[in-house]
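Chemist: Following this message is one structure expressed as structure tokens.
The values are calculated or read from the model by the stated rules, or taken from the named source; none is laboratory data. Note that the structure is a prediction, hence the values are computed from the model and not measured. Glycine gets a Cβ as well: all are built from the backbone with ideal geometry, and neighbour counts include every protein chain shown.
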Amino acid sequence: MSFPEERLRRMRRTPALRSLVQETRLHPANFVYPLFVSALVKDREPIVSMPGIFNLSPKEAAAEAKKAYELGVQAVLLFGTPAKKDAVGSASFREDGIVQRGIKEIKAACPEIVVVTDVCLCEYTDHGHCGVIKGDDVDNDATLDILVRQALTHAEAGADIVAPSDMMDGRVDVIREALDENGLEQTAIMAYAAKYCSAFYGPFREAVDSAPQFGDRKTYQMDPPNAREAMREIELDIDEAADIVMVKPALAYLDIISRARDRYDVPLAAYNVSGEYAMVKHAAASGMADEQRLVMEVLTSIKRAGAGIIITYHALDAARWLRG
Ligand SMILES: [Zn+2]
């Protein structure tokens, strides 16, 4: 069959016909909303490089989480800025640490919402690297102990999911083992499995003041040209019992999301990162394009590529737009 019998425009004629054949549909339940909890702010302070996003006190983070939940967004991802940073990121595993306090405030205000916590050292170290330093590089195995302590305190404070983003080898395995040994076998792990060394993280580093003070993250984060290696990273994390695997960033890595979706049956997340967010905000502010259309097209592309879970700073706006 071909033209003139076959006409693909037939099913595009009206909004209802287009809706009937729509292949990919976004829902607020697809979104995870990142929140920045800071020990340095009283209520909330805008993050200049990320218009519309704030550094929040634990109390304000709880209010923001509640707002998200009321819009149908059922999960938040917490990042913390401590009052004091040091060489080993010891503020990250204090019982009264900033993220631990944030978890408790959020769970008190909105017990139903899924609280995910970022597990890494870069927000807590004075050198800005994701692990402890030995010589001029990050020491993988020494870092694991600190990640475990951090993950345990998050889980004990009430986190539903801990999300290691450090890219150390073997961390999912040791975190799972430690959680299980401490009676926290119901705490899930979302692994930043294929996390690339990307320029798109720029605005985030301003938010939590985590730019590395020397060198870069190329010895632990992935090299952007590599796709097969991403499959190995994902496979290892699945073998280590990750409940959810993630590809980060999203937009320049849609092929990686698609490959992972075809290959593995675990829940797949993608992180629509700060630089991707800032590009859309700046383009819209300059009048170059309509913000709502840009955002929905970006988020749809990530879901169409295969990610059912989309971590995005656009979550609240998108949820509002989806409600109409
Ligand atoms: Zn990090």
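Chemist: Here are the criteria: (1) under 19 Å from the mean Cα position of the chain (by Cα); (2) not in a loop (DSSP other than H, G, I, E, B). Tell me which single one ARG320 does not satisfy.
Modeler: Unmet for ARG320, out of (1) under 19 Å from the mean Cα position of the chain (by Cα); (2) not in a loop (DSSP other than H, G, I, E, B): (1).
Chemist: Now, a different point. Looking only at the stretch 223-247, which residues are over 22 Å from ASP139 (Cα atoms), crowded, with 16+ Cβ neighbours inside 10 Å and without any contact (Cβ under 8 Å) to a residue 60 or more places away in the chain?
Modeler: MET231, ILE238, VAL245
Chemist: Give me the pairs, please: first residue somewhere in the stretch 27-41 and within 14 Å of ASP317 (Cβ to Cβ) and in contact (Cβ under 8 Å) with a residue 24 or more places away in the chain, second residue anywhere and of a type outside the set (A, V, I, L, M) and surrounded by fewer than 24 Cβ atoms within 10 Å (Cβ to Cβ), beta-carbon distance under 6 Å, and either six or more positions apart or on two chains.
Modeler: Close Cβ pairs (under 6 Å, with a partner that is of a type outside the set (A, V, I, L, M) and surrounded by fewer than 24 Cβ atoms within 10 Å (Cβ to Cβ)) amount to PRO28/GLY72.
Chemist: From VAL208, VAL138, which residue is within 15 Å of the ligand (Cβ to nearest atom) and farther than 27 Å from ALA61 by Cα?
Modeler: It is VAL138.
Chemist: Still on this structure, please answer the following. Of all residues in the stretch 42-60, count the ones that are closer than 21 Å to HIS154 by Cα and out of contact with any Phe, Trp or Tyr (no Cβ under 8 Å at 6 or more places or on another chain).
Modeler: 3
Chemist: Considering only residues that are away from the ligand (no atom under 16 Å from the Cβ) and hydrophobic (A, V, I, L, M, F, W, C), look in the stretch 102-126 and name the one that is surrounded by the fewest Cβ atoms within 10 Å (Cβ to Cβ).
Modeler: ALA108
Chemist: So if I check each of TYR192, TYR196, TYR201, TYR220, which one is surrounded by 15 or more Cβ atoms within 10 Å (Cβ to Cβ), within 16 Å of the ligand (Cβ to nearest atom), more than 23 Å from ILE53 (Cβ to Cβ) and among the aromatic types (Phe, Trp, Tyr)?
Modeler: Checking each option against the conditions leaves just TYR220.
Okay, residues lined up against (1) without any contact (Cβ under 8 Å) to a residue 40 or more places away in the chain; (2) farther than 25 Å from PRO164 by Cβ:
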position: ARG7; (1), (2): yes, yes
position: LEU17; (1), (2): yes, yes
position: GLU45; (1), (2): yes, yes
position: ALA108; (1), (2): no, yes
position: GLU112; (1), (2): no, no
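Chemist: Name the residues in the stretch 127-183 that are assigned to a strand (DSSP E or B), surrounded by 20 or more Cβ atoms within 10 Å (Cβ to Cβ) and of a type outside the set (A, V, I, L, M, F, W, C), would you?
Modeler: Listed by number, the list holds a single entry, PRO164.
Chemist: Would you check if there is a residue in the stretch 190-212 being at pLDDT below 95, of a type outside the set (Asp, Glu) and over 18 Å from the mean Cα position of the chain (by Cα)?
Modeler: Yes, that holds for at least one residue.
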